[in-house]
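Shown next, in structure tokens, is the structure this report addresses.
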Amino acid sequence: MLKISLDKLGSLFDAIAEKEALYIPADKAGQPQYMRYQTGMQMTEALNTVRSAKDFFFPQTENLVNFKVSGKTIEIIDPRTEQEDFVVFGVRGCDVRSFSILDKVFLVDPIDTYYENRRKHGTIVSMACTRPSETCFCHTFGIDAAEPEGDAVCWKTEDALYIKANTEKGEALIEKIRPMLEESDDSAVEAQKAATREILGKLPLANFSTEKFGGDVLLKAFNSEKWASLSEACLGCGTCTFVCPTCQCYDIRDYDTGHGIQRFRCWDSCMYSDFTLMAGGQPRLTQKERFRQRFMHKLVYFPANNNGEYGCVGCGRCLSKCPISMNIVKVAKSLEGDL
């Protein structure tokens, strides 16, 4: 196990930032979010960022391709530049697991080369949790908040930051900063893990399970009469989808610049009435149908097609951000009696 004292953390960040782009969770206007590191910047003390780290690999908006039209000639222009190597530091276990879910969407044939390029250049340094929130339920999906996944994983104690590598990327990063680190035993880390797991066991959602959604429950869940009452107050605002680390819906739009066409990809939401709108109309005409689609995808459709892996990581963002206090936990618990 390697460690560095917390009073040298800024120097550690400076050393990483000298070699490649570094992003850390920091406070801006009172909101924790990932920002490119600049000397003197402090990590947030918040448990998690408002929006997840998926932006680094699946950004909210990106320019896919440009078209230059001259008479009957169309020139296709790839606007991508060489992706720089970057490090995302302090990613919580729930967000790290979300990358595995996104990989199953964007790294299967046909591979999304935009996403693939960012994944190849990004190094994820996770941070173990010490103060899980009452809205956390990552354990439901087999995530250990006390020892998260990632290319490298860190534990922050009162006086030091401990780090170890999990992958070749993690080893390469640690090698670059090795002179700043010192050898240590893992007693402080093991004590912190035990304390965190004790807290996790006492959280309100400690016993929340999705086991009833395994197996062939598609028709039972789909036909439940409870969707009408569950969706009745839904505003269709899409907040839950935009803060969710695993949502992957997007739209593609073309814009006439006057000199050519720019094609953009931007996040979309299955909760919107114009989502997947086609010449023949909207296939889901009511908010109940759109509401049902979101939760059926995470709890039934995705695991059915991905060896039982659910499309949720228990980060709790939808619990804390939904304006009507509707979330995947309420939906799952309401449907349990029908399965």
Give the order of 299, 230 when sorted by the count of other beta carbons within 10 angstrom, beginning with the fewest.
230, 299
Using the basic label-point model (7 angstrom from Cα toward the beta carbon), what is the residue 330 to residue 278 distance in nanometres?
3.3 nm
Treating the beta-carbon of each Lys and Arg as +1 and of each Asp and Glu as -1, no other charges, what is the dipole magnitude of the chain about its Cα centre, to the nearest 20 debye?
1140 debye
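For the chain, build the convex hull from the C-alpha positions and give me its volume per residue in Å³.
167 Å³
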What FRET efficiency would be calculated for the residue pair residue 263, residue 309, taking the C-beta separation as r and a Förster radius of 22 Å, to the nearest 0.05?
0.10
Highest mean first, how do 159-168, 104-113, 289-298 rank when packing is the count of other Cβ atoms within 10 Å averaged over residues?
289-298, 159-168, 104-113
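Given Cβ point charges of +1 (Lys, Arg) and -1 (Asp, Glu) and nothing else, what value in debye, to the nearest 20, does the dipole of the stretch 212-324 about its Cα centre take?
Magnitude of the dipole: close to 320 debye.
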Most fluctuating residue of 82, 211, 232 in a GNM of the chain with Cα springs under 10 Å: which is it?
82
Divide the volume of the convex hull of the Cα atoms of the stretch 25-99 by its number of residues and quote the answer in cubic angstrom per residue.
143 Å³
Determine the alpha carbon to alpha carbon distance for each of 169/193; 212/288; 28/164 and list only those over 27 Å.
28/164
Label points 7 Å out from Cα along the Cβ direction at residue 45 and residue 184: separation in nm?
2.0 nm
Subtracting the Cα-Cα distance from 0.36 nm times the residue separation, let me have the gained length for residue 28 to residue 237 in nm, one decimal.
72.8 nm
Only Cα pairs within less than 10 Å get springs; with that Gaussian network setup on the chain, which residue of 229, 11, 52 has the largest fluctuation?
229
Take the Cβ-Cβ distance between residue 229 and residue 81 as r, set R0 to 56 Å, and report the resulting FRET efficiency rounded to the nearest 0.05.
0.65
So for the pair residue 21, residue 250, with labels modelled 7 Å out along Cα→Cβ, what separation do we get in nm?
1.6 nm
Max mean-square fluctuation residue, GNM over the chain, Cα-Cα springs under 10 Å, options 50, 313, 217
217
How large is the dipole of the stretch 181-258 about the Cα centre if only Lys and Arg carry +1 and Asp and Glu carry -1, each at its Cβ, rounded to the nearest 20 debye?
560 debye
Tell me the mean residue ellipticity at 222 nm calculated for the chain from its helices only (DSSP H runs of n ≥ 4, each -39500 (n - 2.57), averaged over every residue, nearest 500).
-8000 deg cm²/dmol
For the stretch 2-200, averaging the sequence separation of alpha carbon pairs under 8 Å that lie six or more residues apart and dividing by its residue count, the contact order in percent is 23 percent
Sequence gap at least 6, Cα distance under 8 Å: using those rules, report the relative contact order of the chain to the nearest whole percent.
21 percent
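Bear in mind that the values in this text are calculations on the coordinates, not laboratory data. Only a predicted model underlies this, so the values are computations on that prediction, with no experimental measurement involved. Glycine also receives a Cβ, built like all others from the backbone with ideal geometry; neighbour counts cover every protein chain displayed.
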